Amino acid sequence: METNEKIKQINKLYPYLTKDDINLLDNIAVFDTLPSKKVLIEYKKVCFDFIYIYKGSIRGYYFTEKGEERTVFIGNDDLFIGAPESILHKKPTKYYFETVVKTEFYKFDFRKLEEIAVLNSNIFKFYTDILKKILSLFIDRIESFIGSNPEERYLDLHEKRPLIISYAHKKQIATFLGISPNSLSRIISRINKDS
C-alpha cells in the first residue's frame, strides 16, 4: 500500500521519522475530511481517537448548567487533539469535539500508537514530542490565565496561534479566552483604533 501524501506532512515537523516510520503511522491511521460543525467525539463517550489536524480546526467544548457553551480546546493545522479523560484514564469525555471549519485530519487510535511506540524508538520520540507539545500549550494557557488580562490573552493568542483567530468564530474565541463575545468585540475595536 502506498503511503498517503498528506501524512508526509508529519515528517516535515518530525524529520527524524524515516520512510518506514511514516508507513507504520499511515497503517494505524485513517484520513478523513469533514465540513464545519461536524462532531468527531461525542460527549460522555469513551474515545481513543488521537487526531492530527492536517488542515483546518477542531475545538473541544462543553455546556454549563445554564446551557452556555464554553470552548476549552482549539486545535489547528499541524496539531494533535483528543479527549483527555479517555486517553489518560479510559473514561467518558466531558466535552464535545467538532470541526470549526472544513477540516482534513488523520485519526489514530491512541492505544495503537502507544503499542508501536514501545517497539520503535523514532515513533517513541514522536509520541513523546507530541505529548510535550500538548503539555506546553496547556502550560502556556494556564500561565496566560494567571498572569494576563483579557486583552493580553487575545494579543498572545493572535501572535502565537493566528490560525485560531482566522478559523474560529468570535464567540468561540471569546469563551476560549474566558471572556464574553461583547468584551472580545471591545478589545478588537480598541486594538484596531490604536493601530
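The values are calculated or read from the model by the stated rules, or taken from the named source; none is laboratory data. Just so it is clear, the structure is predicted and the values come from calculations on it, not from any experiment. Every residue, glycine among them, receives a Cβ derived from its backbone with ideal geometry; neighbour counts consider all protein chains shown. Just so you know, the surface numbers come from the protein's heavy atoms only, side chains and all, with ligands and any DNA or RNA stripped out. Shrake-Rupley method; radii C 1.70, N 1.55, O 1.52, S 1.80 Å.
Taking (1) among the aliphatic types (A, V, I, L, M); (2) open to solvent by 40 Å² or more (accessible area, probe 1.4 Å); (3) not in a helix (DSSP H, G or I) in turn, Val101 satisfies each apart from (2). A count restricted to segment 163-187 and to residues that are open to solvent by 30 Å² or more (accessible area, probe 1.4 Å) and within 25 Å of Asp77 (Cβ to Cβ) stands at 9. If the condition is being part of a helix (DSSP H, G or I) and surrounded by 12 or more Cβ atoms within 10 Å (Cβ to Cβ), then segment 5-19 contributes Lys6, Ile7, Lys8, Gln9, Ile10, Asn11, Leu13.
Residue-level check: of (1) open to solvent by 60 Å² or more (accessible area, probe 1.4 Å); (2) not in a helix (DSSP H, G or I), Leu88 misses just (2). Taken across segment 26-46, residues that are surrounded by 14 or more Cβ atoms within 10 Å (Cβ to Cβ), touching a helix residue (DSSP H, G or I) at 6+ places or on another chain (Cβ under 9 Å), in contact (Cβ under 8 Å) with a residue 40 or more places away in the chain and under 19 Å from Lys132 (Cα atoms) do not occur at all.
Within segment 56-67, one or more residues are over 22 Å from Lys160 (Cα atoms) and surrounded by 14 or more Cβ atoms within 10 Å (Cβ to Cβ). Meeting the requirement of 3 or more residues that are in contact with a helix residue (DSSP H, G or I) (Cβ under 8 Å, 6 or more places away or on another chain) and within 28 Å of Lys8 (Cβ to Cβ), the helices (runs of 4 or more DSSP H) wholly within segment 104-166 are 110-119, 121-147.
Determine, yes or no, whether Asn23 is closer than 29 Å to Pro162 by Cβ, surrounded by fewer than 18 Cβ atoms within 10 Å (Cβ to Cβ), at pLDDT below 95 and not basic (Lys, Arg).
Working: closer than 29 Å to Pro162 by Cβ: no; surrounded by fewer than 18 Cβ atoms within 10 Å (Cβ to Cβ): yes; at pLDDT below 95: yes; not basic (Lys, Arg): yes.
No; evaluated as a whole, the condition is false for this residue.
For segment 91-107, a residue qualifies if it is more than 22 Å from Tyr54 (Cα to Cα) and either within 12 Å of the chain's Cα centre (by Cα) or among the charged types (D, E, K, R) (or both), and the qualifying residues are Lys91, Lys94.
Strands (runs of 3 or more DSSP E) fully within segment 34-84 that include at least 3 residues being under 10 Å from the mean Cα position of the chain (by Cα): 49-55, 57-63, 69-76, 79-82. Where residues in segment 108-151 are among the acidic types (Asp, Glu) and open to solvent by 90 Å² or more (accessible area, probe 1.4 Å), which of them is farthest from the chain's Cα centre (by Cα)? Only one residue tops the list, namely Glu115.
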